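Colleague: Quick one: the structure is below, questions incoming.
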Amino acid sequence: MSLGFLRAQVLHLRKGGRALGLIVALLLVCLLLASSSLADAGVNGSPGKRAMLCGHVDLQGRPPVPSGRWTIKLTVIIRHCPQPAREYQAETNAWGDFCIPNVPVGTFDISVKAFNTLSACNMAVELKTGKNQVNFGTLLAGDANGDNVIDGKDIAILLAAYGTRRGQRRYDPRADFNDDGKVDIADANLLPATETRGCQLCP
Ligand SMILES: [Ca+2]
Ligand SMILES: [Ca+2]
C-alpha cells in the first residue's frame, strides 16, 4: 500500500469526520429549535403564534370605577406545569383592566398579584391568537409584606403605620390597602379574620 494511498485515506476520513460533525451539529440545532417551539406553544399551542391576554381584577375598598385608585401594578405569571413560568408586569387602568400583548398561544394556568394583595388564579385558560378576555375576580387586600399569605406579619406592618397619612414619616403604602393615602380602620377592616393564603401555580 503506497504512502500516497494512505494519505488519501486519512484525508477522506478527516473529511468524513467533519461532515459527521456538521450533521450532528445540525441535528442538535433542530432539536433545540423544536424544544423551544414546544415550550412556547403550551399544550394545544401553535408554534410562532402569539396571543394577547386582557384581564380584569376587582380591588377592595375602592370608589366606583372609573377611578385612579383602580390603577395598580400587577405581576402576571403564565405557566403550564412543569414548564418554566413566564412572568409579565402589567398595570390596570381606571376600570381594573389590563392587557399583555405577545403571550404564547396554548392552555395555561395564570396568576395575578399586586404588591399588597394575595394572588388570584385562573386555571386551564385557553389563550388563542388575538385578544383573550380573562376575569381574575377579587385580589384580596392585606398582604403587606408580599409573601402571598395574610398573617400576623402583615398585621404588624399595619399597626406600625396605623394612624398615618401619605407624606408622614411612619406612613407605609404597603399597609394602605385601599390606597386612599391613609392607614386607618378602613384598611384594618379589609384584613380577613383568619390567616389566608393566595393561590399558587404548580403547588
Ligand atoms: Ca404577608
Ligand atoms: Ca387606606
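Colleague: Pull up the range 104-145, narrow it to residues that are loosely packed, with under 15 Cβ neighbours inside 10 Å and among the small types (Gly, Ala, Ser), then point me to the one that is nearest to ligand 1 (Cβ to nearest atom).
Modeller: Across the range 104-145, the extreme among qualifying residues is GLY137.
Colleague: Which residues, taken from the range 149-164, are surrounded by 16 or more Cβ atoms within 10 Å (Cβ to Cβ), of a type in the set (A, V, I, L, M) and without any contact (Cβ under 8 Å) to a residue 24 or more places away in the chain?
Modeller: Correct list: ILE157, ALA161.
Colleague: Does any residue of the range 64-80 turn out to be of a type in the set (Phe, Trp, Tyr), part of a loop (DSSP other than H, G, I, E, B) and touching a residue at least 24 places away in the same chain (Cβ under 8 Å)? Let's see the steps before the verdict.
Modeller: Restricting attention to the range 64-80, the residues satisfying the condition of being of a type in the set (Phe, Trp, Tyr) are 70.
The next check asks that each one be part of a loop (DSSP other than H, G, I, E, B); those that pass are none.
Checking the range 64-80: not a single residue is of a type in the set (Phe, Trp, Tyr), part of a loop (DSSP other than H, G, I, E, B) and touching a residue at least 24 places away in the same chain (Cβ under 8 Å).
Colleague: Looking at the range 171-182 only, could you name the residues that are in contact with a helix residue (DSSP H, G or I) (Cβ under 7 Å, 6 or more places away or on another chain) and within 16 Å of ligand 1 (Cβ to nearest atom)?
Modeller: ASP172, ARG174, ALA175, ASP176, PHE177, listed by residue number.
Colleague: What pairs come up if the first residue lies in the range 169-182 and is modelled with pLDDT of 95 or more and among the polar types (S, T, N, Q), the second is within 15 Å of ligand 1 (Cβ to nearest atom) and in a loop (DSSP other than H, G, I, E, B), and their beta carbons are under 7 Å apart, counting only those six or more places apart or on different chains?
Modeller: Sorted first by the residue in the range 169-182, then by its partner, the pairs are ASN178/LEU190.
Colleague: Inspect all residues belonging to the range 196-203 and state whether any of them is outside any loop (DSSP other than H, G, I, E, B), touching a helix residue (DSSP H, G or I) at 6+ places or on another chain (Cβ under 9 Å) and away from ligand 2 (no atom under 14 Å from the Cβ). Give the steps one after another, and end with the answer.
Modeller: Going through the range 196-203, the residues outside any loop (DSSP other than H, G, I, E, B) turn out to be 196-197.
Filter once more, so that each one left must be touching a helix residue (DSSP H, G or I) at 6+ places or on another chain (Cβ under 9 Å): none.
No: the range 196-203 contains no residue that is outside any loop (DSSP other than H, G, I, E, B), touching a helix residue (DSSP H, G or I) at 6+ places or on another chain (Cβ under 9 Å) and away from ligand 2 (no atom under 14 Å from the Cβ).
Colleague: So is PRO82 at pLDDT below 95 and under 28 Å from THR138 (Cα atoms) or not? Please lay out each step first, then the result.
Modeller: Details: at pLDDT below 95: yes; under 28 Å from THR138 (Cα atoms): yes.
Against the criterion (at pLDDT below 95 and under 28 Å from THR138 (Cα atoms)), PRO82 qualifies.
The values are calculated or read from the model by the stated rules, or taken from the named source; none is laboratory data. Here the structure is a predicted model, which means the values were calculated and not measured. Don't worry about glycine lacking a Cβ; one is built from the backbone with ideal geometry, like all the others, and counts go over all protein chains shown.
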